[in-house]
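To start, the structure under review is shown below, and the notes come after it.
Every number here is computed from the coordinates shown, using simple stated rules; none is lab data. Predicted model, so just to flag it, every value in this text is computed and none were measured. Backbone-built Cβ (ideal geometry, glycine too); neighbour counts: all protein chains shown.
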Amino acid sequence: MQLDGIAAVVTGGGSGLGEATAVAMAAGGAKVALLDMNLAAAQAVAERIGGIALQCDVADPAQATAALAAATAAHGTARILVNCAGVATPGRIVGKEGPLALDAFERVVRVNLIGTFNMMRLFATELSKQDEMEDHERGVIINTASVAAFDGQIGQPAYASSKAAVAGLTLPAARELARFGIRVMTIAPGIFGTPMLFGLSQEIQASLGAAVPYPSRLGQPTEYASLALHIIANRMLNGETIRLDGALRMAPK
């Protein structure tokens with residue numbers, strides 16, 4: 001799929017992986033709608049790339065429906081959805097204060113898994129009604145998992161399980177939506193330089209980067225965006241989760 005003139009939606013577009021992807025798609029000529037809980041951050045990105053910003057809790061059906069409707073009104077029906085919205089609240093199953101609070105676990109699953117599925121189902125429903133493009137394709141969905149889906153560490157039960165579920169959603173969704181010419185792919189980043197890590201000290205960030213076999217550094221959001229653009233362009237990529245991690249395998253803790 002060529003990006004020029006195509007409408008796209010990016011969740012979590014106000015920072016990190018979502019911001020880099022929105023910038024890259026806009027540079028290719030896409031009309032980008034950025035959805036984010038932090039409206040000010042999304043607006044700042046939208047102003048730079050000529051897109052629109054919409055405040056949205058991706059796991060809220062009404063907010064997601066309204067945001068997609070507003071994006072459609074501005075740019076036409078989107079052909080591309082990139083789900084980058086996510087949270088990574090740590091917590092052990094059994095901590096010093098006792099069992100992990102169930103609502104803390106639920107919040108992570110709600111944003112990472114239910115939010116991803118909510119956006120996918122609403123986006124695919126509208127896209128399935130649009131005309132086919134080249135090679136019977138209608139569009140593409142790119143979700144974001146994590147290497148934690150496969151190498152979950154101590155203290156990551158909510159995050160790792162929610163991201164494993166996103167990876168597990170990929171193939172059944174791709175198989176079902178194939179009849180509409182809608183592809184579904186997932187990227188599983190390793191340790192990337194995003195706001196989730198920027199709260200850590202420089203020493204810890206450097207230590208994390210050094211654990212990556214090659215290149216021995218934190219991943220750059222632009223590298224995620226580059227892979228997303230390749231997925232969009234390559235129609236044979238479908239139904240798979242791609243690790244983007246420099247050969248990193250996470251230790252238990």
Review point. For the residues E240, E176, E203, what sequence is obtained by ranking on other C-beta atoms within 10 Å, fewest first?
Key: E203, E176, E240
Point to revise | Semi-axis lengths, Å, the chain, gyration tensor of Cα atoms, sqrt of 5 times eigenvalues | key: 29, 19, 18
Point to revise | Euclidean distance between Cα centres, the stretch 1-25 to the stretch 108-158, Å | key: 15 Å
Check your understanding: How would you rank 208-216, 155-163, 38-46, 140-148, highest first, on the average number of other Cβ atoms within 10 Å across their residues?
Key -> 140-148, 155-163, 38-46, 208-216
Exercise for review: Just add up the charged neighbours of L218: K/R +1, D/E -1, any other residue whose Cβ is under 14 Å from the Cβ of L218.
Suggested key: -2
**Study point:** About the Cα centre, charge dipole magnitude for the chain (Lys/Arg +1, Asp/Glu -1 at Cβ), debye
**Key:** 420 debye
Check your understanding: Mind checking which lysines have their C-alpha under 22 Å from K163, skipping anything on the same chain fewer than 8 residues away?
Key -> K253
Exercise for review: Assign one of three labels to the stretch 1-146, namely rounded, prolate or oblate, based on the Cα gyration tensor with a ≥ b ≥ c the square roots of its eigenvalues; rounded applies when a/c is under 1.5, prolate when it is not and a/b is larger than b/c, and oblate otherwise.
Suggested key: prolate
Review point. Applying the Karplus parametrisation 6.51 cos²θ - 1.76 cosθ + 1.60 with θ = phi - 60° to the phi angles of the stretch 107-115, what ³J(HN,Hα) value in whole Hz is obtained for each residue in order, glycine and proline being reported as x?
Key: 4, 5, 5, 4, 6, 6, 9, 5, x
Practice item. Using only Cα atoms, find the angle between the long axis of helix 157-177 and the longest principal axis of the chain, and express it within 0 to 90 degrees, rounded to the nearest 10. Key: 30 degrees
Check your understanding: Between V9 and residues 5 or more places away or on another chain, which pairs have amide H atoms under 5 Å apart, with H built 1.01 Å from N, and which residues are they?
Key -> A33, I80, L81, V82
